[in-house]
Each structure stands twice: as structure tokens, then as C-alpha cells.
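Working notes, structure below.
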Amino acid sequence: MQQGRKQTTRRLSLKLVALVTVVVVVAASAYVVWTQSRQSDAVESKVLAEARTLNTEMSAVWDYIDDSQGAINYNSDGSYDFKGIYCSMAGKAIAQRFTNASNNYVVRYVRESPRTATDEPDRFEQTALNHFTVGGSSEYYEMTEYEGRSVFRYASALPVKRNCLSCHGEPAGVPDETGFLREGMKLGDVAGAVSIIIPVESYVQESQREFESSVAFFCLLAAAIVAALLLAMRRWVSAPLEQANRQLENESQQKSDFLATMSHELRTPLSSIIAFTDIWEKSHAAEDSDERKLVEEIKQNSSVLLNMVNNTIDVAKLEAGRLSMQCSDVDMVDVVEAVFAVAEPLAIKEGVSLDRTVDPEMPFLHSDAEALRKIMLNLVSNGLKYTPEGGSVQVSVRASADGRQAVMRVADTGCGIRPDNFEAIFKKFDRPGAGEDGPISGSGLGLFLVKSLTEKLGGTVGVESEVGRGSVFTVCVPFDGPATGE
Ligand code: ADP
């Protein structure tokens with residue numbers, strides 16, 4: 001029993017571990033999916049911040065050169081002398097130097113109608129320029145491939161400022177100071193765009209590292225939680241429960257032991273009483289006195305009591321796992337005779353007719369004769385007990401249609417059983433219908449024992465009944481003994 005309890009606790013712990021593991025695996029998977037989906041967003045927001053910083057820096061250069069045009073082109077004597085250091089020239093030169101010096105970064109300026117080939121926009125830049133021209137936001141970006149590498153591409157609109165007009169404004173088609181033809185642009189028009197390319201491999205690797213370390217941390221945390229949970233379960237739930245269980249089992253065992261001992265002690269004097277009444281009856285066989293009737297009554301009541309005591313002992317043995325089946329070749333005729341020897345006097349006393357039919361062709365079966373006798377005796381006793389005077393109890397034994405089972409059938413014309421009680425009647429101490437028409441003595445162990453013994457013999461028991469008309473109990477046991485080899 002202790003072994004069984006340990007196994008139950010182990011099974012419970014395993015179930016708990018499995019449940020917690022499933023929860024952790026599901027949570028970890030959801031976390032991984034969620035983190036991975038956020039990973040590219042996180043990389044993008046980092047490179048976007050960097051691109052904006054670079055763009056601000058390039059704008060500062062552009063504005064500074066633009067604001068310094070007077071200082072650059074006017075000599076100290078106040079004469080105008082165009083030096084060719086204007087904003088786009090300086091911006092492009094600085095961008096080119098930055099591009100050459102940096103590791104795979106690119107910064108350049110592009111425009112719709114380029115004056116030189118280096119200002120020619122590529123597909124991304126053209127899309128950005130179109131976006132700016134139709135009045136979209138002043139920046140445009142995407143994660144993409146560039147020369148076989150993963151990059152972040154960013155473009156920011158360059159608006160036409162007042163100082164731009166001297167080279168790019170009206171009148172269109174007239175050469176400016178640098179010799180290029182003016183485009184006739186107006187203040188606020190899109191002059192072009194700063195185009196920035198940032199390689200993202202290092203950001204992706206960093207984000208991957210962050211991801212891996214957070215997954216590792218999450219797993220460690222989950223493992224720690226599972227371990228703590230199991231420890232807490234063991235310490236505060238399983239251990240006290242086991243202790244309480246042990247205590248209850250001990251108490252229950254003590255009660256069963258007491259009941260079994262008491263029953264055992266009762267069986268000896270009861271058997272003696274029955275034996276003495278038998279001897280007395282044989283020696284007074286010719287008499288038909290009141291005394292004889294009294295002795296008969298003592299014998300029958302003792303038999304009923306002995307059956308109850310035997311049932312109690314068998315149930316105690318069954319629950320302690322000490323009731324094993326002893327199989328041998330059994331002649332069902334002997335079993336029926338043994339049952340009738342006890343039941344017939346009872347039937348006469350109750351005024352119920354008791355009949356038997358055993359198929360003469362019935363072969364011997366490999367089973368436990370004593371168990372079969374107890375099964376039949378309990379069913380017949382019940383039949384007699386729950387059938388009023390004038391009724392009948394019929395016992396029949398035959399082979400099943402397929403010839404594999406012995407079928408014992410006990411039918412009575414008694415009070416019957418309500419269908420909703422069919423299950424309960426086979427439970428220990430359950431006596432659902434007993435006493436509905438007045439108290440009927442019993443312990444509620446008979447059918448429990450019938451079912452338990454039948455199952456131990458590898459068989460089945462069934463009941464059909466109609467209230468007020470009677471009941472039929474059918475027990476089927478295999479001819480070749482229980483499958484477990486009991
Ligand atoms: P007991 O007869 O000692 O009460 P059993 O386990 O033998 O215990 O039967 C359980 C219950 O099933 C009985 O209390 C009774 O209500 C019902 N029962 C059993 N056999 C019959 C029967 N042949 N006819 C009607 N009711 C029965």
C-alpha cells in the first residue's frame with residue numbers, strides 16, 4: 001500500500017512536471033517568436049536614429065557653407081570674387097570623404113535633373129524623390145540589399161533655400177556663376193535629397209546576441225521557477241498529504257483488522273452451532289415437534305449470519321490483496337449442490353420456490369470452485385431475501401453460445417431494482433433499494449463481493465430488473481480460467 005502511495009505521489013509529481021514543462025515550453029516559444037518579430041524593428045529603429053544624426057550633421061555643413069557665401073566670395077576690399085565653394089559643392093565633397101573613410105557607409109547627394117553623373121539617383125533614391133515631390137514626409141527609408149549586403153537606406157529631402165536661387169532659380173535656361181543652366185526652381189521646391197546607406201550586419205549580430213542572452217536568461221528563470229515550484233509542492237503539499245494519508249490508512253487498517261478478527265472469531269462458534277443443529281436434526285429426524293422447528297430456525301439464522309461473516313472476511317482479504325484464486329477443474333453441478341444445501345432450507349422457510357437447471361452437457365471449467373460457490377450463494381441468498389412469499393428463484397447454468405464461457409443465471413420474481421440503482425448495488429455498503437418495503441437485513445457487501453470475485457475469475461456480471469416483477473443476475477466466467485493466471 002505504501003508502495004502504491006509512493007507511486008501515486010511520483011505519478012502526480014511527474015504530471016506536475018509535465019504540465020509545468022509544457023507551460024514553460026509554450027511560454028518560451030511565444031517569447032522567442034515575439035522577440036524575433038521585434039528584433040528587426042529594434043535594428044531598424046537603431047539605424048534610423050543613426051541615419052538621422054548623420055543627416056543633421058550634413059545639413060549643418062550645408063547650412064554653414066550656405067550662410068558663409070558672403071564671407072567666402074567677398075574680398076577684404078569689398079570686391080566680389082566667386083571662389084566656387086558653395087553649399088552643394090562642399091556638401092558633396094565632405095560626403096565623398098566620409099564615404100571613403102568609413103567602413104561601408106555611403107553618404108551622397110542626388111537630384112531629379114542631375115548636373116553631373118554622380119548626382120544621378122538610383123531606384124531607391126528616385127522613389128524617395130518622387131515621394132518628396134508629391135508632398136510626402138521629408139524622409140524616406142527601408143531595409144534592403146545594396147551591392148550584395150544588407151543595408152538600411154535613408155533619404156532626406158533638400159528644399160530650395162534663398163541662396164540656392166542664384167544658381168537654380170529664375171530665369172530658367174540662363175547660365176549661373178558656375179556655367180550650368182538655371183532650372184527655374186522656386187523657394188521651397190525639392191532641390192534634391194541626401195542619400196545615406198548604413199550597413200546593418202553589426203546591428204543584426206548585436207541584436208542576435210541580445211536575443212540569445214535574453215532567451216538563455218528566460219530559460220534559466222523558467223527552470224528556477226519549475227525547481228522552486230516542485231520543491232514547494234514536495235515540502236508543503238505532497239509531504240503533509242502523504243503524512244495525513246499514512247495516518248488515515250493506519251486507522252483504516254486498524255479498523256479492518258479489528259473487523260476481520262471479530263468476524264473470524266464469530267465464524268468458529270457459528271460453524272459449531274450449525275454443526276450441532278445438523279447433528280441434532282439427524283438424531284431427531286423422525287420428530288415433527290416445536291423443538292425441531294426451533295432448531296431449524298437457529299440453523300437458518302446461523303447460516304445467514306455465517307454468510308455475512310464470511311463476506312466480511314472476504315472483503316477484508318480482498319482489500320488487503322490477500323484473496324487469491326485457486327483454480328482447478330470445477331464441475332458446476334457440485335457448486336450448485338453446495339449452494340442449494342445451504343439455500344434450500346432458507347427457501348422453504350421463506351415460502352419461496354427454489355429451482356435449478358444445469359446443462360448436462362456443461363463441461364468442467366478451470367476456475368476457483370470456492371469463489372464460484374460464494375458468487376452463486378450471494379446471488380441466491382439475495383433472490384430469496386428480496387422475493388416475497390409465494391415467489392420463485394430460478395438458477396440455471398449453461399455454456400455461452402460461443403462455448404467460451406460458463407453462464408450462471410439467477411432469476412427471481414421479487415421486488416426488483418430501479419435501473420438508476422444498477423451501478424450503486426455493486427458498490428461496497430451501498431444498499432439503495434433495501435428496506436423500501438420495510439427493513440431487510442444485510443450488510444451491503446454481497447454484490448460487491450460477487451463483482452470483485454467474478455472479475456478476479458476474468459468474468460463479468462450483469463443485471464436486468466423490473467420493479468415489482470423481479471431481477472435477473474447473470475455471471476459469465478471463462479472456461480479456461482482468468483487471463484492473469486490467478
Ligand atoms: P445486502 O443484500 O446485504 O443489502 P448486497 O450487496 O447483496 O447487500 O445487495 C445490495 C443491494 O442490492 C441490496 O441492498 C438490494 O437493495 C439490492 N439487491 C440485491 N439483490 C437483489 C434482488 N435479487 N432483488 C432486489 N434487490 C436486490
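The values are calculated or read from the model by the stated rules, or taken from the named source; none is laboratory data. A quick note: this is a predicted structure, and the numbers were derived from the prediction, not measured. Here Cβ is always computed from backbone atoms with ideal geometry, including for glycine, and neighbour counts include all displayed protein chains.
From the set of residues in the stretch 358-384 that are more than 16 Å from the ligand (Cβ to nearest atom) and in contact with an Asp or Glu (Cβ under 6 Å, 6 or more places away or on another chain), which is farthest from A347 (Cα to Cα)?
Here the residue is H366.
So the check is Cβ under 8 Å with 6+ separation or different chains; which pairs have a first residue in the stretch 411-425 that's in contact (Cβ under 8 Å) with a residue 24 or more places away in the chain and a second one that's within 9 Å of the ligand (Cβ to nearest atom) and of a type in the set (D, E)?
Filtered contacts from the stretch 411-425: C415/E436.
Cβ contacts < 6 Å: first residue at negative phi and in the same structural domain as D329 (by TED's automatic domain parsing), restricted to the stretch 367-388; second residue of a type in the set (D, E) and away from the ligand (no atom under 11 Å from the Cβ), any location; separation 6+ or different chain. Result?
L384/E350
Please find, among R209, R292, R235, the residue that is charged (D, E, K, R), touching a Phe, Trp or Tyr at 6+ places or on another chain (Cβ under 9 Å) and free of Cβ contacts under 8 Å to residues at least 40 places away in the same chain.
Criteria check complete, one pass: R292.
A quick yes/no check of all residues on (1) part of a loop (DSSP other than H, G, I, E, B); (2) among the charged types (D, E, K, R):
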position: N163; (1), (2): no, no
position: E170; (1), (2): yes, yes
position: G173; (1), (2): yes, no
position: E183; (1), (2): yes, yes
position: G188; (1), (2): yes, no
position: S195; (1), (2): no, no
position: S202; (1), (2): no, no
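Got at least one residue in the stretch 320-335 being free of Cβ contacts under 8 Å to residues at least 40 places away in the same chain, away from the ligand (no atom under 16 Å from the Cβ) and either crowded, with 17+ Cβ neighbours inside 10 Å or in a helix (DSSP H, G or I) (or both)?
Yes, the conditions are met somewhere in the stretch 320-335.
Just to check your reading of the model, which residue among S471, S465 is within 12 Å of the ligand (Cβ to nearest atom), in contact with an Asp or Glu (Cβ under 8 Å, 6 or more places away or on another chain) and either modelled with pLDDT of 95 or more or not assigned by TED's automatic domain parsing to the domain that holds A369 (or both)?
That would be S471, the only listed residue that is within 12 Å of the ligand (Cβ to nearest atom), in contact with an Asp or Glu (Cβ under 8 Å, 6 or more places away or on another chain) and either modelled with pLDDT of 95 or more or not assigned by TED's automatic domain parsing to the domain that holds A369 (or both).
From the list A338, A343, A371, A347, exactly one residue is farther than 16 Å from V395 by Cα, surrounded by 15 or more Cβ atoms within 10 Å (Cβ to Cβ) and either of a type outside the set (D, E) or modelled with pLDDT under 90 (or both). Which is it?
Exactly one residue qualifies, and that residue is A371.
Which of the residues that make up the stretch 391-402 are more than 9 Å from the ligand (Cβ to nearest atom) and in a strand (DSSP E or B)?
Within the stretch 391-402, S392, Q394, V395, S396, V397, R398, A399 qualify.
Taking the condition of being within 16 Å of T35 (Cβ to Cβ) and without any contact (Cβ under 8 Å) to a residue 12 or more places away in the chain, how many residues in the stretch 212-232 meet it?
6
Any idea which residue in the stretch 403-444 is modelled with the highest pLDDT, counting only those that are touching a helix residue (DSSP H, G or I) at 6+ places or on another chain (Cβ under 6 Å) and within 6 Å of the ligand (Cβ to nearest atom)?
Restricting to residues being touching a helix residue (DSSP H, G or I) at 6+ places or on another chain (Cβ under 6 Å) and within 6 Å of the ligand (Cβ to nearest atom), the top hit is D412.
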